[in-house]
Structures are given as C-alpha cells and as structure tokens.
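Every read-out reported here was derived from the displayed coordinates using simple, explicitly stated rules and does not represent laboratory data. None of the values given here were measured: they were computed from a predicted structure. Cβ placement follows ideal geometry from the backbone for every residue including glycine, while neighbour counts extend to all protein chains displayed.
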Amino acid sequence: MRFMITLDRDEDGIWIAECPSIPGCVSQGKTKDEARKNIKDAIGLCLEVRAEKGLPLTIETRQVEVAV
C-alpha cells in the first residue's frame, strides 16, 4: 500500500512525519530520512492495531482548492 505523508520541522529542529489517512499516525526523526523511515514503521503498526480493533484501516482524505 502507498500512503501520503506530511513532513514538517518543529521549533527544536526535529522532523515530524504524519500520515493523514490514518488518525493518530505520527512519528519523528532528527533528519528527514529518519522521520520517513520512522513513519513507515508507525504506519505498519497503526494498521495492525486498527485491524485488531476492527476499525477501518484508513479514513478518506481529499484535496480541495482554496482561493488565496
């Protein structure tokens, strides 16, 4: 499966990675590469837990256009 992730740097310089289609699936790393590796692990674990609890594996995400 392929998932979209977001990467953002916090005020301490730590990279935060999040998978928007899996509620609560967040990880971090000192570098972008470390954050990407960690979020892959987190996604696998989150999918396992959601399956065990009988929850849908993902939620629907969409893009919207906003005039700025």
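The region of the chain that goes longest without hitting one of the GluC sites (Glu not before Pro) in a DSSP loop, each with at most 12 other Cβ atoms within 10 Å, is 12-59.
Between Cys25 and Cys19, the built amide H atoms are under 5 Å apart, and every one of these is 5 or more places off in sequence or on another chain. (i) 22, 19, 9; (ii) 28, 12, 10; (iii) 17, 14, 11: which one is semi-axes √(5λ) of the Cα gyration tensor in Å as calculated from this entry? Correct label, based on the coordinates given: (i).
At 0.36 nm per residue, and after removing the present C-alpha to C-alpha distance, how many nm does the segment from Ala51 to Glu11 gain when stretched out fully? Walk me through the numbers on the way to the answer.
Details: separation 40, 0.36 × 40 = 14.40 nm, distance 3.43 nm.
Working it through step by step, the gained length comes to 11.0 nm.
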